[in-house]
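The values are calculated or read from the model by the stated rules, or taken from the named source; none is laboratory data. What you see is a predicted model; the values in this text were computed from it and never measured. Here the Cβ positions follow ideal geometry from the backbone for every residue, glycine too, while neighbour counts run over all protein chains shown. Side chains are part of the model used for accessible areas, which takes the heavy atoms of the whole protein and leaves out ligands, DNA and RNA. Shrake-Rupley method; radii C 1.70, N 1.55, O 1.52, S 1.80 Å.
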Amino acid sequence: MTRYALVALALLASATQLSAQSAGHATTAAKPTIVLVHGAWADASGWYDVTRALQARGYKVVAVQNSLFSYAKDIETTKRVLDAQQGPIVVVGHSWGGAVITAAAAGNPSVKSLVYVAAFAPDSGEVVGGLLQRYPDLGLGKALVPDAAGFLYIDPAKYPEVFANGLPPAQARAFATEQKPIAGSALGEPLTVAPAWKTIPSWYVVGTQDRAINPELERFMAKRMNAHVTELPAGHLVFISRAQDIARIIESASR
């Protein structure tokens, strides 16, 4: 083989390697950012296991830290986070966070899909409190305790049963002491825009053992939005008890 042929082969090998590296970089760059929105009686740290699973798959993950002071305030905070992202976005909401993403993602062309995890998905004019009344209360309503400022807590003695069922008892008791209350008035604030799920492809995870949101209400909302539905035998904190499953569903939505 001549010297020129060897040089040509070396250049070809180098070009092939660079092409492969570029393709790998493009694949990583093409992954959407995953924005996670927590619910009531929780905060962004609850997404810890889901975040780790998604980061291991090469995703950039941002978890919104909402105040739970009002529906409008949480929408504003979440919109600010969405607007700060570059490129395509998948937005995930748990519980109250579903109501938040329904408004915050509306009209945002960067949001490519929505994932509702045992979450509220109101239509225009609806309030979360009204949705809860559509189906029988499985325990949460009777467990709520207001404080002097009108914020709602879950009775710590009832928290493991109605909110954290499916988690180890010691973990559930610890979460009960760390819960972040929501302003009771927020549950009566209506959705004032066209819901994002009417124009953005949506996924929905039903927790079949949920005692905070009746699973039949979850099925009703999922069917109404024509979502891709997965049912998991888990309680309301399905994103903690089944974190790997939730990460896989989010990854499916990202494609």
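Quick one: is E76 touching a Gly at 6+ places or on another chain (Cβ under 8 Å), among the charged types (D, E, K, R) and open to solvent by 60 Å² or more (accessible area, probe 1.4 Å)?
So E76 fails the test.
Would you pick out the residues in segment 214-244 that are open to solvent by 10 Å² or more (accessible area, probe 1.4 Å), part of a loop (DSSP other than H, G, I, E, B) and closer than 13 Å to L167 by Cβ?
R242
Only one residue in Q65, Q85 is at pLDDT 95 or above, under 19 Å from L237 (Cβ atoms) and open to solvent by 10 Å² or more (accessible area, probe 1.4 Å), so which one is that?
Checking each option against the conditions leaves just Q65.
Only one residue in A172, A164, A157 is open to solvent by 60 Å² or more (accessible area, probe 1.4 Å), over 23 Å from Y71 (Cα atoms) and aliphatic (A, V, I, L, M). Which one?
A157
Might you let me know whether segment 74-81 holds any residue that is in a loop (DSSP other than H, G, I, E, B) and without any contact (Cβ under 8 Å) to a residue 60 or more places away in the chain?
Looking through segment 74-81, none of the residues is in a loop (DSSP other than H, G, I, E, B) and without any contact (Cβ under 8 Å) to a residue 60 or more places away in the chain.
Specify which of the listed residues (V128, V145, V162) is at pLDDT 95 or above, touching an Asp or Glu at 6+ places or on another chain (Cβ under 6 Å) and not basic (K, R).
V145
Quick check on K60: is it charged (D, E, K, R) and either closer than 19 Å to Y48 by Cβ or surrounded by 23 or more Cβ atoms within 10 Å (Cβ to Cβ) (or both)?
So K60 passes the test.
Are any residues in segment 175-213 of a type in the set (G, A, S), part of a helix (DSSP H, G or I) and open to solvent by 20 Å² or more (accessible area, probe 1.4 Å), and if so, which ones?
G184, S185, G188
Return the pairs, sorted by first residue and then second, in which the second residue is assigned to a strand (DSSP E or B), the first residue lies in segment 192-208 and is polar (S, T, N, Q), the beta carbons are less than 8 Å apart, and the residues are 6+ apart or on different chains.
What qualifies is S202/S113; S202/L114; S202/V115; S202/Y116; S202/H228; T208/E231; T208/L232.
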